[in-house]
Amino acid sequence: MSAHLSRRLRKGATSGAVVAAAVAALAASQAPEMASPPADNAGGDRAIGAGDTASPSGDGSATGDSPYYTDLPPLNTPNKPGASINLPVITGPAEAGIPASVLSAYKRAEQSIRSTAPGCNLPWQLLAGIGKVESGQARGGRVDANGTTVSPILGPVLNGVGFANISDTDRGAFDGDATHDRAVGPMQFIPSTWATWGQDANSDGKKDPNNIYDAAQAAGLYLCANDRNLALTADLDRAILSYNRSREYLNTVLSWFEYYKRGSHQVPDGTGVLPVDRSDNRGQGNRPAPPFTPSPTPPAPKPSETGSPKPTPTPPGGEVTPPTKPTTPPKPPVTPPTKPPTVPPAARVTKLTPVATGQLSAPTESAFAKSPTVAALDATGTPVTGVSIRFEIQGATGTRFAGGSTTATVTTGSAGLAAAPALRAGEKTGSFTVRATVVGSTLSGTDFAATVTERRADTLVRVAGDPLSATTGTAFTQQVQVKATDKDALAPGVLVTAVVVASATATEQSAEGPYFKKDAAGESVRTLVLKTDANGLISLPELFAGDKAGTYVLRLTAPGGGSTEITLTVTAPDPTPTPEPTPSATGTPETSPSPSASASPSA
């Protein structure tokens, strides 16, 4: 019964019920939230069993909905949850073996993406499931020392005949076809998708879809797009369907994903088990060649013309025993040399050496001229290629890597070097540290000291304007604009301090006179810090005269020595004029009549 069911599973997964049963069996040890996908059409885009009968459009998928391998894992899955984390020993079912370079690329992509997008929760086993379905793990691991396939892996021409119709987007640069596009490489990206998501994960200076390290990194980022959390079933399903919009494809990938999670191991490159059945049922396109060609079977001896064997004549005197040939002593068995297990690049690093980059210093909100760089070396001082180096900014200056992150993971190139992405200083001055560590190693990290300095200006000059004067109780109406320069160049982003003082010799702000504004307590604010714009200019806000007449000074200073002083004149209002007496008609000023005296009493 099990053999019969296994055969049914291997024939393209055309029955939705059979696929669902296989996925359910494989998912026995998964987390509660990772529920098995539906076995009907309730949550899919097409009915199971008919998902690949119509020509797809290819829009919105990494592969252009190209054909894929439909082989399913065997039913005797490994029952070792968690055992697939790190098993360099060649053991277990053949289908569970993943070629060494391919496995290294999947794990490196997981480490890199978990350091930059931890919320995605990308497992390398998902990349392995897609790699199995798309290319049979790069045709069983037929890659060179740098991880590039020995020959290009190309899907069928997407010309609309049974597949999507996608016109050429890369002028044949990746797929060799200047008329239509084709899926390329071990993760089967179409050129238009690779143009957006292509990566240089092995630091060789190019983004190559035929390189398993570049392709695995790009596939991981593609699956994590749109802030997906792959620990959730809904996001996991959406991610896989974005790769190839077929419900059968989803179920096939999930089957291998669960299979690899229950146990996997590393096998030498070029010895992986190759798939056979494909969704287009043609057995062509990107199907790899069989690993060996069987020898022809020798022909059976022909019977005699009469149909009966001829009897052997017996010599006179009875039977004669033929002479016995001398026995050749057996050759001792030759044991092939055992290939030493592959040591991960991170385990070979014994020293992480800083490369001289000069002083790491930059003014606030500007780019650093240099980046921290390290060399990964083994015990003999030889550079180690393919090591993931994590750079982390430690400090409170607000400095960030390009893209706004405080962490970044870079892979060492052929010279063993890894340089951090460009640094941009924050708004705060002070010191900070960039720490470099080897991902997957307990080796001590290397620290780089860096400093964020103030922006400077050695000259401040008021742009031409009228003298500043106002009457007590009013505001100055003249515009005040000041230009900052440093070494005769415009000085943007400089913090300029403006303060009102009582005189040119005063060192403290004035207690009375002009002010900028009132604070929450109703007190006059006479000191402000302003920042120059991109043209090195500052425009002072409204300035009030205050209640006391007199001459005051507006003093402006900047880091770097630039300063200027502007006189503020506050005048009292004009006094109200006294009315003059009106002259009479005779020319004699009129006076108010005196009150009449009372009559004196009689004596």
Identity of the residue in the range 266-298, out of contact with any helix residue (DSSP H, G or I) (no Cβ under 6 Å at 6 or more places or on another chain) and outside any loop (DSSP other than H, G, I, E, B), that ends up modelled with the lowest pLDDT: Arg278
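Can you tell me which residues in the range 162-181 are in a loop (DSSP other than H, G, I, E, B) and free of Cβ contacts under 8 Å to residues at least 40 places away in the same chain? Before the answer, list the steps.
Here is the first cut: in the range 162-181, the residues in a loop (DSSP other than H, G, I, E, B) are 162-164, 166, 168-179, 181.
Hits for the range 162-181 are Asp168, Thr169, Asp170, Arg171, Gly172, Ala173, Phe174, Asp175, Gly176, Asp177, Ala178, Thr179.
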Go through (1) touching a residue at least 12 places away in the same chain (Cβ under 8 Å); (2) under 23 Å from Val343 (Cβ atoms) and name the single condition Asp144 misses. (1)
Breaking point among (1) of a type in the set (Ser, Thr, Tyr); (2) surrounded by 14 or more Cβ atoms within 10 Å (Cβ to Cβ); (3) in contact (Cβ under 8 Å) with a residue 24 or more places away in the chain, for Ser524: (3)
Please work out which residue is farthest from Pro156 (Cα to Cα), limiting yourself to the range 247-281 and to residues that are in contact with a strand residue (DSSP E or B) (Cβ under 9 Å, 6 or more places away or on another chain) and among the charged types (D, E, K, R). Asp269
Would you please name the residue that is surrounded by the fewest Cβ atoms within 10 Å (Cβ to Cβ), looking only at residues in the range 453-469 that are of a type in the set (A, V, I, L, M, F, W, C) and closer than 9 Å to Ala558 by Cβ? Leu460
Among (1) surrounded by fewer than 24 Cβ atoms within 10 Å (Cβ to Cβ); (2) within 13 Å of Gly64 (Cα to Cα), there is one condition Leu158 misses while meeting the rest; what is its number? (1)
Looking at the range 126-145, is at least one residue over 24 Å from Thr70 (Cα atoms) and assigned by TED's automatic domain parsing to the domain that holds Ile98? yes
Pairs only if they're at least six apart or on different chains, beta carbon under 7 angstrom, first in the range 366-390 and of a type in the set (Lys, Arg), second not in a loop (DSSP other than H, G, I, E, B); list them, first residue then second. Lys370/Leu360; Arg390/Ser115; Arg390/Thr407; Arg390/Thr409; Arg390/Thr437
Quick check on Ala457: is it touching a residue at least 12 places away in the same chain (Cβ under 8 Å), among the aliphatic types (A, V, I, L, M) and either more than 27 Å from Ser366 (Cβ to Cβ) or assigned to a strand (DSSP E or B) (or both)? no
Filter the range 204-229 down to residues that are assigned to a loop (DSSP other than H, G, I, E, B) and crowded, with 20+ Cβ neighbours inside 10 Å, then give me how many there are. 5
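The values are calculated or read from the model by the stated rules, or taken from the named source; none is laboratory data. For clarity, every value in this text was computed on a predicted model and none was experimentally measured. A quick note on method: Cβ atoms are made from the backbone with ideal geometry, for glycine too, and the neighbour counts reach across all protein chains shown.
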